[in-house]
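I have placed the structure first, in the form of C-alpha cells, so that the comments after it can refer back to it.
The values are calculated or read from the model by the stated rules, or taken from the named source; none is laboratory data. Predicted, not measured: the structure shown is a model, and the values here were computed from it. FYI the Cβ positions are ideal-geometry reconstructions off the backbone, even for glycines, and counts take in every protein chain you see. Accessible surface areas use protein heavy atoms only, side chains included; no ligands, DNA or RNA. Shrake-Rupley method; radii C 1.70, N 1.55, O 1.52, S 1.80 Å.
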Amino acid sequence: MAPLEDLERDYPIIDSNFRMFCASHGIFTDTDFLLHDLSALEAFARQDYAPDKLEQGIKQMISIIESGQRPWLNGVELLEDSQLNKCTLSTGCEGIDILLQGGLREGHVTELVGPSCSGKTQICLKSASHVARNSLGKVVYFDTGNSFSPKRVAQFLSLLSDPSATQTNKAVERDMSSIVCHSVFDIFTLLDMLRQLMNNLRSQISFQVRMLIIDSLSSLIAPVLGGGGAHGHALMATAGFLLKEIAHESNLCVVVTNHMVAGEAGMLKPALGESWKSIPHVRLLLSGKYSATGTRITILKHPYLASGKSADFVVL
Amino acid sequence: MTSAFSWIAADETAEQALVRIYKKRPFLIFPPPFHRLPLRAGNVVEIVGPSPSAKTLILIQAAINCILPKEWKGVSYGGLERAVLFIDLDCRFDVSSISRALQRRIIDANGLRRSSLKGNGNEYDKELFVSSMRRFLYTRCYNSFEFLATLKTLHHRIQQEKGGSAVYMLLIDSIGAFYWMDRALPTSSTGNNNNRKSLSLQTVVETVVQEIQRLLVAHPMLVLATKSAAFGDKQSITEVIRKRPDEKMPDPRDAQNKPHRCFMPSVWQSFVSHRMLLRALDGESKHQNRPTFSTEWLLPPLNCSDHFTVNDVWICSVRIASIFFIANLIVSSFAAGLSLDPQMKCRRKCSAVTKR
C-alpha cells in the first residue's frame, strides 16, 4: 500500500505530472492502481496534453507490479521443488507416521483437533523432540496455555538417545537448545511474532527452522470470533494465510492444535467454525478414547490421502 | 475502388466456421459423475460445497483431462493437449495430488495392473508424464491484491505460452478465500471524495470480474472456480440442539432441500454461467467406509444428483440416482454386473435408485 510519491525515487518517470493525472482519477497508492481499469486509464492518457510520458508512466507501473509478483511455475518445476525442499519429518509416533506415509510434511499446515486430554500436546512435544534430535534445525514452539513441559521433552530425548552412549546429558542439552519456546497469550502478539519470524527467515539463511508448533491456536482465536463483526474472522484468516506463507516459502512444518465444542445432536465438532476448515492443509482428529492398542487418529482432510483413514498410535 | 458489395462477401461458410470453432474451442465432457453437461470456452463454472467435499480434486481431474494429449503412442487418453492455469488462492495445493492422479490415469489407460497401492514400482510413460505436467501452470496468491496483480498481468503470461492459443482452462481454487479479509479492509475515513474507489469487498470483486471478463475476450477459456459454502440458516455459536432419544436422524434426502447461502457479491453471482453443488452424505450412504458425496447442477437446474466416493486421488462414481437413468441402470447392471473388473472400485446396485 505504498503511495505513489515513494516510487518516484527509484522510477523518475512517476513524476508529479503523472501523479496529478492519477489523482484526477482517484489513484493515490499502488493498490488504487490495481483496482482501476487500466485500458480506460490509457485511453484518458492518450487524450491528455502529454500522452507519451503518461503512457510510459502507466507501463512503468505495470512493470513494477509484474516484477513484484511470484513467477508462474509449471508442473515439473513444482515437483522438483517439492522433492528437493519439502521433506517429511517423522513425528516419533509410529502409528501416525504410517498413516501419513512418512510423517508431517514441510510446507503443510497440520491441525490436530481433539477433545481435552486426547494427547495433542503430547504429540507436539514428542514431534518437537524428535525433530530437534534428527534434523539440523530449530523448532519454534508458541505456547498459549503454559503446557510446554521441559521435563517431558528431556524424557523423550533421553529415550531417543542410545543408552550406551556416555554423553547423553550433553546431547539432550544440545537438542533442547534447538527448541525455542515463546509464550503467547493473544492473537495480536501472535501475528506480530509470526511476521517477525517470517522476516527473520527471509533475511537470514543460516537460521534454519524446521518446525513451528502453536499449542493451542484455537485458544487465541476463539475469544475474538463471534459477534456480528467481521474482524474476528479476518484475524483468523490473516493468521491462517500467514502460517501458510511461512510454511511454503521457508519450507517449514507448521503444527497447530484445536479444541472441540458441542455441535449438533450433542456430538462434538472442531472449534473455530466453517471458515477455519479451509485453512489447514491436513486435519487430524484424535478420538480421545484409550484402548489396548492406543489412541485413534483419523484423517479429516488431506491433499492426497482419502479422509476417513485412521490408525492407532501410542505416545511412549 | 472496391465494389460496394465487397463488405458482405463471405469470409467462410457456416460449416467451415463450425469446424474451426469445434477444433479451437472443443467441448469438454468430464468422466462420470460430472458428465451431465458439456462445457466449453467462455463458460464460467462455480463448484460450491462445504469443506471437505473433493472440490480441489474435481479441478485436478478437469486439469488432467485438459493436459493429456488425445493420443500418444497408440494409446488414446481423450485429452485436449492444452495448457491450464491454476491460481491457488487457498494456498493449499500439493503437487503430489496431481502427479499421483496423472500417473494413475496414464497407468489405467495403458491397462497395466497396479501392483501396489502407491503405484511406485509401476512402469509408466515418463515422457508423456513430463510433457503433460509442463502444461500445468501454477501460481499462488496470499491476498486479494496479489490476485488482482496476477489477473492484470495474466494476458502477457498467456501470450508467452505458444502465442496464446494453447491455454484452455483457468482454474481458481476457492474464489471466496479472501472474503473475510476483504470484508475487514480499512475504509478510508479522511474523506477523499475525488472519485477514489474505496477499498472494500465490493470493489475488489468487481475488479476481479472485470479482469476475468477482459481476459476471456482476448483468450477464450473455460473458467472453473471452487467456493466453500455454508449450509442452512445462520447458526449462533451458543445454540446447542438437543435431540430426544427417540427422535430419528433427519432423512438425508431432506438435507438436499436446505438452501445454501451464497456469500459472494451479486456481481460475481451473475457472472457465473454454471453452478454445481456438492454435499457430503453421511449415515447409511458410506461406501466401503469412505465418505460419499453427492453432486447436483444448480445452474442450469437439472433435477438429478449423482453420487461419488473418493479413493485417495481418484473419484469413483457410486450410483446414479435419477429417474431418467433407471432403465439404463437396470439393463447395464444385469449385463455387466457379474463381470466387473475386480480392480475397478465402482459398484452399481441394481435396485438402489432413489427417487426425488
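Provide Rg and Dmax in Å for the stretch A:223-299, with only Cα atoms included in the calculation.
For the stretch A:223-299, the Cα radius of gyration and maximum Cα-Cα distance read 15.0, 47 Å.
For the stretch A:1-124, state the semi-axes of the equivalent ellipsoid (square roots of 5 times the eigenvalues of the alpha-carbon gyration tensor), sorted largest first and rounded to whole angstrom.
So the three semi-axes of the stretch A:1-124 are 52, 18, 12 Å.
Run the numbers for A:Asn199 and A:Lys309: contour at 0.36 nm per residue of separation, minus the present Cα-Cα distance, in nm. Could you put the intermediate results ahead of the total?
On the way: separation 110, 0.36 × 110 = 39.60 nm, distance 3.74 nm.
This chain segment gains 35.9 nm when fully extended.
Using only atoms on other chains, find how many Cβ atoms lie within 10 Å of each Cβ of peptide A:260-267 and report the average.
4
What aspartates and glutamates does A:Lys126 reach when the alpha-carbon gap must be under 20 Å and sequence neighbours fewer than 8 apart in one chain are set aside?
A:Lys126 reaches A:Glu94, A:Asp97, A:Glu106, A:Glu111, A:Asp143, A:Asp162, A:Glu173, A:Asp175, A:Asp215, A:Asp312.
Please find the FRET efficiency linking B:Ile8 to A:Val180, where r is the Cβ-Cβ separation and R0 is fixed at 51 Å, and quote it to the nearest 0.05. Intermediate results must be reported in sequence, preceding the final value.
On the way: r = 78 Å, r/R0 = 1.53.
FRET efficiency, B:Ile8 to A:Val180: 0.05.
Under the definition of partner shielding as Cβ atoms of other protein chains within 10 Å of a residue Cβ, what is the mean value for peptide A:75-84?
Across A:75-84, the average partner-chain Cβ count within 10 Å equals 6.
For chain A, what does -39500 (n - 2.57) per DSSP helix run (n ≥ 4), summed and divided by total residues, give at 222 nm, in deg cm²/dmol to the nearest 500?
My calculation for chain A gives -13000 deg cm²/dmol from helical runs alone.
I need two numbers for chain A: Rg to one decimal and Dmax as a whole number, Cα atoms only, in Å.
24.5, 85
In the stretch A:297-316, what residues drop by 30 Å² or more in accessible surface going from the chain by itself to the full protein assembly, probe 1.4 Å?
For the stretch A:297-316, once contacts with the other chains are taken into account, A:Lys301, A:Pro303, A:Tyr304, A:Ala306, A:Ser307 lose 30 Å² or more.
Within a Cβ distance under 13 Å of A:Phe241, other residues only, what is the Lys/Arg minus Asp/Glu net charge?
-2
Output the pairs from A:Lys151/A:Lys289; A:Lys59/B:Lys24; A:Lys86/A:Lys170; A:Lys86/B:Lys55; A:Lys309/B:Lys227; A:Lys244/B:Lys24 with a Cα-Cα distance over 28 Å in this structure; if there are none, say none.
Beyond 28 Å: A:Lys59/B:Lys24; A:Lys86/A:Lys170; A:Lys244/B:Lys24.
To the nearest 10 square angstrom, what accessible area does A:Lys309 show with a 1.4 Å probe?
Number for this one is 80 Å².
Report the accessible surface area buried between chains B and A, summing both sides, using a 1.4 Å probe on protein heavy atoms only, in Å² rounded to the nearest 100.
Roughly 5600 Å².
Which trypsin sites (Lys or Arg not before Pro) in the stretch B:41-99 sit in a loop by DSSP (not H, G, I, E or B) and have at most 14 other Cβ atoms within 10 Å of their own Cβ?
Numbers: sites: B:Lys55, B:Lys70, B:Lys73, B:Arg82, B:Arg92; in loops: B:Lys70, B:Lys73, B:Arg82, B:Arg92.
Those satisfying the criteria are B:Lys70, B:Lys73.
Multiplying the sequence separation of A:Gln155 and A:Ala43 by 0.36 nm and subtracting their Cα-Cα distance, what value in nm do you get?
Net length gain for the segment: 33.3 nm.
Looking only at chymotrypsin sites (Phe, Trp or Tyr not before Pro) in DSSP loops with at most 11 other Cβ atoms within 10 Å, what is the longest site-free stretch of chain A?
Segment A:50-206 is the longest.
By per-residue mean of other Cβ atoms within 10 Å, what is the highest-first order of A:2-13, B:296-307?
B:296-307, A:2-13
Residue by residue through B:138-150, how many Cβ atoms from other chains fall within 10 Å of the Cβ on average?
Per residue, the number of nearby Cβ atoms from other chains is 5 on average.
Could you check what % of the DSSP bridge pairs in chain A are antiparallel, to the nearest 5?
If I count the DSSP bridges inside chain A, around 40 percent turn out antiparallel.
To the nearest 20 Debye, how big is the dipole of the stretch A:78-180 about its Cα centre, given +1 on the beta carbon of each Lys and Arg and -1 on that of each Asp and Glu?
I would put it at about 340 debye.
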